[in-house]
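Everything on this sheet refers to the single structure shown next.
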Amino acid sequence: MNQQILPCYACFHQQTLGNDANAFSVDIVSNLQSNTSKLNIKSSNNIDSSSRPILAWRDPHNPPSAKDEVTHLDLMAKYNIPFIFDIHTHFFPASVMRAIWKWFDGFDWGITYRGNEQYRLDALARNKIQYFTSLNYAHKLHMAEGLNQWVYDTHKDTKNMIHFGTFYPEEGVEVYVKKAVEEFGFQGFKLHCEVSKLNLNLPELKSTFQYLEEKQIPILIHTGTAPLPGEYTGYKYFKPFMESYPNLKVIVAHMGAYELEEYASLMEVYPKLALDTTMVFVDYLATGKNPEKYISNLEKYSDRIFFGSDFPNIPYNLSHPISKILNFSLSIEAKQNILFKNACNLFGIVI
Ligand SMILES: [Zn+2]
Ligand SMILES: [Zn+2]
């Protein structure tokens, strides 16, 4: 078996999905010495990213706490933030989640929130993350519709979960996307250009994007090149996509890392374009070494930036990314917008 697996921060997947977690295999080009090492990993798209410092701590001697504890509630009170809305949380079928964690174990990457779904839902509640999403995505044909059905069947009654679906360029895509919206009541969709080897500009997705544009339904897209570039990742594919669907409500995951500047420039052109902060302003370098220079963008575009965590597959606790934003030199209004108000507005939640 010579399958490859690639990391997308915490959004890992396997090329051939089976019930057996052992089906996972990795194509590690170089060595792993510890979880503070630099990993050299080849992406599924065979693009060697050996020079990139992914999966490394900013300060190996002082990593953020990975204890499942909550330390940000006083800061929330200080800035009058009653709860957090996390727009980037993953929910997978249990067999997939177990396999994902097994993969992380191979990298000595501690999963702070390892546990069953009830445990994870309780962890979100303990952290005052009152609203969250159900992100997953397909990496092959005939998978997306089943994932949508799983989200609906498993979580239709999960309190305060904002249901997201996914889709893939395949026959019937527009039909099952409409079903997810009109029958299941899904409020958004997630796409992943690197994992899915997805070119957003494919003509066979045109009618689906036009439908979502017309309905003004948000799509959260991992389109950036971090931590691994793919065949269709990056600004050069995303820019023509936005030109085709200028009124689509797109949320760019990870603020478009590694091309934060280029993606931010599109914020000037497209008033409905938005960003999520997932794994950007943390002491872990998967999205690049110098996020500090983009802190000013949090203020500048504070009405179109959403807090995201990548929960539960993060090697630190939720207090780390939340406290980072709360401690930045930003206006109180910006902190409130990013941590809960923007997402509440987007999904019609009355505060
Ligand atoms: Zn993710
Ligand atoms: Zn991602």
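The values are calculated or read from the model by the stated rules, or taken from the named source; none is laboratory data. Since we're looking at a predicted model, the values are computed, not measured. Positions of Cβ are generated from backbone atoms using ideal geometry, with glycine treated the same way; all protein chains shown enter the neighbour counts.
Starting from the range 336-351, keep only residues that are without any contact (Cβ under 8 Å) to a residue 60 or more places away in the chain, then list their pairs with residues that are surrounded by 20 or more Cβ atoms within 10 Å (Cβ to Cβ) and of a type in the set (Val, Ile, Thr) whose Cβ atoms are within a distance under 8 Å, requiring at least 6 positions of separation or different chains.
So the pair list comes out as 337/305.
Quick one: residue 183 ticks every box in (1) without any contact (Cβ under 8 Å) to a residue 12 or more places away in the chain; (2) crowded, with 21+ Cβ neighbours inside 10 Å bar one, so which box is it?
(2)
Which pairs turn up if I take residues in the range 293-315 that are under 14 Å from residue 276 (Cα atoms) and part of a loop (DSSP other than H, G, I, E, B) and look for partners that are of a type in the set (Asp, Glu) and within 15 Å of ligand 2 (Cβ to nearest atom) with beta carbon separation below 8 Å, at least 6 apart in sequence or on another chain?
Taking only residues 6 or more apart or on different chains, the pairs are 307/86; 307/276; 308/86; 308/276; 309/86.
Residue check: is residue 270 more than 23 Å from residue 199 (Cα to Cα) and of a type in the set (Ser, Thr, Tyr)? First the steps, then the outcome.
Values: more than 23 Å from residue 199 (Cα to Cα): no; of a type in the set (Ser, Thr, Tyr): yes.
It is false that residue 270 is more than 23 Å from residue 199 (Cα to Cα) and of a type in the set (Ser, Thr, Tyr).
A quick yes/no check of all residues on (1) modelled with pLDDT of 95 or more; (2) touching a Lys or Arg at 6+ places or on another chain (Cβ under 8 Å); (3) more than 23 Å from residue 228 (Cβ to Cβ):
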position: 266; (1), (2), (3): yes, yes, no
position: 277; (1), (2), (3): yes, no, no
position: 295; (1), (2), (3): yes, no, yes
position: 301; (1), (2), (3): yes, no, yes
position: 315; (1), (2), (3): no, no, no
position: 336; (1), (2), (3): yes, no, yes
